[in-house]
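The values are calculated or read from the model by the stated rules, or taken from the named source; none is laboratory data. Every value quoted in this text rests on a predicted model; they were computed, and no experiment measured them. We place every Cβ from the backbone using ideal geometry, glycine too, and count neighbours over all the protein chains shown.
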Amino acid sequence: MPNGAQALMKTLVDAGVEVCFTNPGTSEMHFVAALDSEPKMRAVLALFEGVATGAADGYARMADKPAATLLHLGCGLGNGLANLHNARKGKVPVVNIVGDHATYHTQYDAQLQSDIETVARNVSPGFMRTSKITAELGRDTAEAVAAARGLPGQVATLILPADVSWGEGGVPSAPIAPKAPESADDATVAAIAQAVRSGGKSALLLGGRALREPSLLAAARIAAQCGVKVMAEVFPTRLERGAGLPVVERVAYLAELAGVQLADLQHLILVDAKAPVSFFAYPGKKSYLVPDTCTLHTLATPVQDTVGSLDKLARALGADQAQPLLQAAARPTRPRGKLTAEKVCKAVGHLLPTNAIVVDEAITSGLLLGAMTAGAPRHDLITLTGGAIGQGLPNAIGAAIACPDRPVIALIGDGTAMYTVQALWTMAREKLNVTSIIFNNASYSVLNVELERVGAEEPGPKAKSQLDLKGPVLNFSQLGQGMGVHAVRATTTEAFVSALEYALAHPGPHLIEVVVPQALSGVKRKILPWLLRSLPNLPKPVALALKRKIAP
């Protein structure tokens with residue numbers, strides 16, 4: 001009869017969980033040993049728990065099923081918490097296995113003893129359980145996987161005491177079938193169809209699973225027939241985009257710009273999305289961004305069928321046979337001249353391979369990435385759903401393991417890269433087809449922008465020093481080489497384009513460090529708060545033109 005860890009492993013694999021991102025310790029050694037008993041389980045070692053959790057997040061976004069993590073006690077879970085937060089906000093299924101001291105050992109309050117359940121509750125409010133009996137561990141595992149996979153998708157945490165893991169009498173459990181989601185009811189569809197027909201300006205705001213091709217096509221048919229605007233949430237979990245796919249406009253990150261986008265709407269229709277709110281509170285500015293004169297409607301909640309609901313609305317509006325507007329194929333020209341963040345984005349658009357996966361955590365340096373890749377061959381875009389930086393490099397690991405036949409390109413800021421730079425080692429160890437582009441502008445550039453926006457006092461040298469990364473300037477090419485990744489530093493546009501062409505032609509892990517000035521600096525950064533404050537008082541066409549200039 002198997003022990004608890006072996007029963008757990010068998011249950012995971014039978015439920016479709018076939019990858020585990022690990023950073024184990026003593027309490028998890030029986031789980032580690034059980035890996036050899038299950039050939040279908042792939043184990044991927046991470047040198048930091050935040051890499052393991054972020055990789056599990058990226059894997060699930062692309063595989064549409066959860067991976068597992070293996071974390072060491074409450075401290076290990078705490079180290080991985082930021083990327084679990086991002087997964088929770090993105091409604092991404094992840095199964096955490098967190099080791100704990102043996103049940104009889106906890107009374108001694110050993111050095112690593114902690115309240116794991118309290119830590120887990122932050123990111124696993126829907127399912128968090130401590131297994132108590134070896135014979136019931138299989139059932140606990142099956143229920144954790146079912147909770148993670150069920151809509152809307154969540155982080156499920158199973159806490160595994162060492163003696164429950166090593167105990168004999170483990171019983172594998174059969175998978176629990178997920179419940180099929182329902183579409184919007186007829187009354188909801190009829191009410192929203194009537195709102196669209198009323199003549200006021202309407203928009204569909206798509207999030208989560210609604211940003212995949214079938215839902216995008218249904219929304220685009222409604223837009224073509226009825227003049228409805230199609231928008232995407234600020235930071236999509238996964239957005240399918242590029243030539244031949246419907247055009248969708250993302251809500252801007254800066255609240256003032258989002259206000260311009262939403263200003264004249266009479267009806268905002270949510271499809272697996274939340275009403276837009278400001279990322280942070282700012283003195284004298286609104287946090288809730290839906291205009292007072294706009295009526296909010298919910299066509300599909302995160303637990304409902306987005307495709308079915310949009311198809312029903314399309315039929316109700318006579319739009320089910322309409323021809324959707326699709327993005328035309330177009331690429332920017334090969335960039336030349338001084339190397340800037342804009343030209344890096346332009347080069348990515350110029351060279352982006354078909355069916356690539358793009359991970360965007362470039363912060364300010366990636367402002368033009370969307371515009372530069374809009375007409376590139378179709379690709380998937382992964383973004384920073386929860387705002388906790390350090391997601392991009394680990395997400396790229398998970399995406400590459402989920403889709404080994406697809407190239408992954410990760411655009412990463414220098415500050416955020418240092419949160420989970422250990423991800424490079426895992427890319428090298430697993431020989432993953434990831435090209436990491438790290439923007440080195442020697443600054444937390446976005447925080448310099450925020451310093452201006454929040455109306456803080458004029459910063460002095462001590463304050464400014466907290467937002468720059470100079471003295472010493474980081475050298476990411478050397479860091480990458482030290483972890484076994486082919487890495488180069490580019491200081492000219494020609495060198496960067498050549499490096500990107502080489503990386504795309506040679507599968508495997510590559511790092512290209514691009515030394516660029518800040519995208520928003522000097523006069524641009526000084527006048528930005530003034531421009532943002534002026535937007536509500538400008539004529540709508542002028543405000544929209546400014547919005548497109550600042551964040552196309």
Identity of the residue in region 32-56, in a helix (DSSP H, G or I) and out of contact with any strand residue (DSSP E or B) (no Cβ under 6 Å at 6 or more places or on another chain), that ends up farthest from GLY76 (Cα to Cα): SER37
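Only helices (runs of 4 or more DSSP H) wholly contained in region 412-524 count here; list those with 3 or more residues that are modelled with pLDDT of 80 or more. Quick ask: steps written out before the conclusion?
Values: elements: 414-417, 423-430, 445-453, 461-465, 476-482, 493-505.
It comes to 414-417, 423-430, 476-482, 493-505.
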Unmet requirement for THR364, which otherwise passes all of (1) at pLDDT 95 or above; (2) surrounded by 18 or more Cβ atoms within 10 Å (Cβ to Cβ); (3) part of a helix (DSSP H, G or I): (1)
Residue list for region 409-443, filter: among the charged types (D, E, K, R) and surrounded by 24 or more Cβ atoms within 10 Å (Cβ to Cβ): ASP414
Unique residue being outside the structural domain of GLY207 (by TED's automatic domain parsing) and free of Cβ contacts under 8 Å to residues at least 60 places away in the same chain when the list is GLY99, GLY78, GLY58: GLY78
Residue match in region 175-184 (condition: under 29 Å from ALA120 (Cα atoms), buried (at least 23 other Cβ atoms within 10 Å of the Cβ) and modelled with pLDDT of 95 or more): no
Region 367-379 - residue that is more than 20 Å from TYR253 (Cβ to Cβ) and crowded, with 22+ Cβ neighbours inside 10 Å and, of those, farthest from the chain's Cα centre (by Cα): ALA376
Yes/no for GLN107 being modelled with pLDDT under 95, out of contact with any Asp or Glu (no Cβ under 6 Å at 6 or more places or on another chain), over 26 Å from ASN3 (Cα atoms) and not aromatic (Phe, Trp, Tyr): no
Options ALA68, ALA110: the member that is under 22 Å from ALA423 (Cβ atoms), out of contact with any Pro (no Cβ under 9 Å at 6 or more places or on another chain) and without any contact (Cβ under 8 Å) to a residue 60 or more places away in the chain: ALA68
Subset of region 263-290 [at pLDDT below 95, under 28 Å from HIS379 (Cβ atoms) and surrounded by 16 or more Cβ atoms within 10 Å (Cβ to Cβ)]: none
Tally, over region 292-313, of residues that are within 24 Å of the chain's Cα centre (by Cα), in a loop (DSSP other than H, G, I, E, B) and among the polar types (S, T, N, Q): 2
Within region 36-57, tally of residues that are within 19 Å of THR157 (Cα to Cα) and over 23 Å from the mean Cα position of the chain (by Cα): 1
Qualifying residue in region 159-169 (condition: out of contact with any Pro (no Cβ under 9 Å at 6 or more places or on another chain) and either of a type in the set (D, E, K, R) or over 27 Å from ALA33 (Cβ atoms) (or both)): yes
For ALA187: the one exception among (1) surrounded by 22 or more Cβ atoms within 10 Å (Cβ to Cβ); (2) out of contact with any Lys or Arg (no Cβ under 7 Å at 6 or more places or on another chain); (3) without any contact (Cβ under 8 Å) to a residue 40 or more places away in the chain; (4) of a type in the set (A, V, I, L, M): (1)
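To keep it simple, each residue is scored yes or no on (1) touching a helix residue (DSSP H, G or I) at 6+ places or on another chain (Cβ under 9 Å); (2) of a type outside the set (A, V, I, L, M); (3) closer than 25 Å to ALA180 by Cα.
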position: ASP100; (1), (2), (3): yes, yes, no
position: HIS105; (1), (2), (3): yes, yes, no
position: ASP109; (1), (2), (3): no, yes, no
position: SER114; (1), (2), (3): yes, yes, no
position: ILE133; (1), (2), (3): yes, no, no
position: VAL145; (1), (2), (3): yes, no, yes
position: GLY150; (1), (2), (3): no, yes, yes
Residues of region 129-163 classified as outside any helix (DSSP H, G or I), basic (Lys, Arg) and either touching a Leu at 6+ places or on another chain (Cβ under 9 Å) or closer than 19 Å to GLU18 by Cα (or both), total: 1
Residue that is farthest from TYR419 (Cα to Cα), among those in region 357-388 that are free of Cβ contacts under 8 Å to residues at least 60 places away in the same chain and in contact with a Gly (Cβ under 7 Å, 6 or more places away or on another chain): MET372
Criterion: buried (at least 21 other Cβ atoms within 10 Å of the Cβ), at negative phi, of a type outside the set (D, E, K, R) and in a strand (DSSP E or B) - qualifying residue of GLY99, GLY76: GLY99
Check on ILE389, within 30 Å of ILE527 (Cβ to Cβ), part of a loop (DSSP other than H, G, I, E, B) and of a type outside the set (Ser, Thr, Tyr): yes
Total residues in region 398-411, condition assigned to a loop (DSSP other than H, G, I, E, B), over 8 Å from ASN433 (Cα atoms) and either outside the structural domain of LEU500 (by TED's automatic domain parsing) or not charged (D, E, K, R) (or both): 1
Members of region 537-551 that are loosely packed, with under 14 Cβ neighbours inside 10 Å, at pLDDT 80 or above and either in contact with a Lys or Arg (Cβ under 7 Å, 6 or more places away or on another chain) or farther than 27 Å from PRO335 by Cα (or both): PRO539, LYS540, PRO541, VAL542
